[in-house]
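The values are calculated or read from the model by the stated rules, or taken from the named source; none is laboratory data. None of these values were measured; they are calculated from a predicted model. Note: areas computed on protein heavy atoms with side chains; ligands, DNA, RNA excluded. Shrake-Rupley method; radii C 1.70, N 1.55, O 1.52, S 1.80 Å.
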Amino acid sequence: MFLSREADRDMLFRSALTSALVLSACAAHSAVAQTPDAVARLIDAALQSGDAAGLDVVVRYAKQAYPQSAESIDAQIAAFRAVNSAAAPAPAATPVVTAAQQAKTEQAKVEQAAAIKYSGEGELGAFTTTGNAPGIGLAAGLKLTAEGEDWRLGLLGRADYQETSNVVVREQYRFSAEPNYKFNERGYVYGLGQYEQDRFQGFHARYSLSGGVGYSILTDENAKLSVKAGPAWRFTQLVTGMDESVVAGLASVDIKLKLTPTIQLTEAASAYVDEQRSTLFSVAALDSQLIGKLKARLSYTIQYESNPALGRAPTDTTSRLTLVYGF
């Protein structure tokens with residue numbers, strides 16, 4: 001009902017405005033004969049209908065019947081169109097996208113997608129060990145990294161498995177996740193979550209959580225050196241059935257040296273220190289490029305436990321010869 005009243009008011013307004021314009025036009029041309037009322041209403045009805053073809057027919061016959069009113073009829077039509085042209089809302093402008101703007105948008109999408117870089121490597125080969133489980137076995141590893149403009153997430157998994165006379169003599173697993181965020185060109189904060197399993201070193205499972213600050217000392221393409229340190233929490237399920245939960249400190253160093261275009265030396269060392277026991281872990285590796293993304297790796301690992309379980313040696317060493325495929 002409300003919309004109907006609004007439409008009626010609008011129609012009355014337009015009719016009044018049309019009549020005013022017609023009277024004004026007729027007053028300006030006093031010598032021109034007025035259009036008969038019946039004809040004027042007929043023309044107005046044709047104008048209101050919006051039928052252009054019907055309007056042309058009505059106007060043509062009205063002018064033939066009343067040629068002296070031709071100018072008055074034209075004035076009525078002009079007044080109606082002026083009113084409706086003023087009242088009609090202007091059509092919304094369609095935004096025009098230029099080729100340059102479209103290219104800029106596409107470039108921004110490409111740059112955004114390229115802002116995150118993914119990389120990784122898979123490793124498979126053999127190892128020989130000394131310490132609590134000497135012998136030869138199979139080694140496998142997987143490393144994944146996602147890196148943005150000022151952040152990075154690294155995932156690492158490693159497994160060593162060995163059987164002798166159908167008896168498992170070595171079963172070591174190590175998984176870690178490390179996110180970090182750069183707060184300036186060289187400094188960053190990090191978080192580290194780690195899981196270990198090695199019953200031959202005296203524990204069924206060991207969980208470690210740490211967070212702190214790191215700093216990149218060398219950032220050259222051929223020489224990189226970074227250090228980090230922070231507090232840590234460790235929870236250990238010992239083979240004796242006891243559990244340990246301790247607060248510790250963590251310090252680590254990562255080194256990468258590109259000796260030649262095809263040979264690279266890396267070293268990753270870390271130390272967990274607490275009142276009950278300390279763990280030192282070091283992996284040194286020498287990579288040699290073979291074909292494309294395939295390379296050979298010779299690595300040497302040392303793991304030292306300051307307070308091993310009863311009957312366990314404090315130090316284990318592992319030498320690995322593996323093939324590594326990068327992606």
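List of remarks:
- Accessible-area ranking of Lys143, Lys295, largest first, probe 1.4 Å: Lys143, Lys295
- Based on Cα atoms of segment 98-237, Rg over Rh with Rh as the Kirkwood radius reads 1.13.
- Hydrodynamic radius by Kirkwood, which averages 1/r over all alpha carbon pairs of segment 256-327, in angstrom: 14.0 Å
- Protein accessible area in segment 205-320, 1.4 Å probe - carbon and sulfur %: 64 percent
- Gyration tensor (alpha-carbon) shape descriptor, segment 164-320, a/c threshold 1.5: oblate
- Too-long pairs where the Cα-Cα distance tops 18 Å, listed order kept, from Lys117/Lys258; Lys228/Lys295; Lys182/Lys228: Lys117/Lys258; Lys228/Lys295
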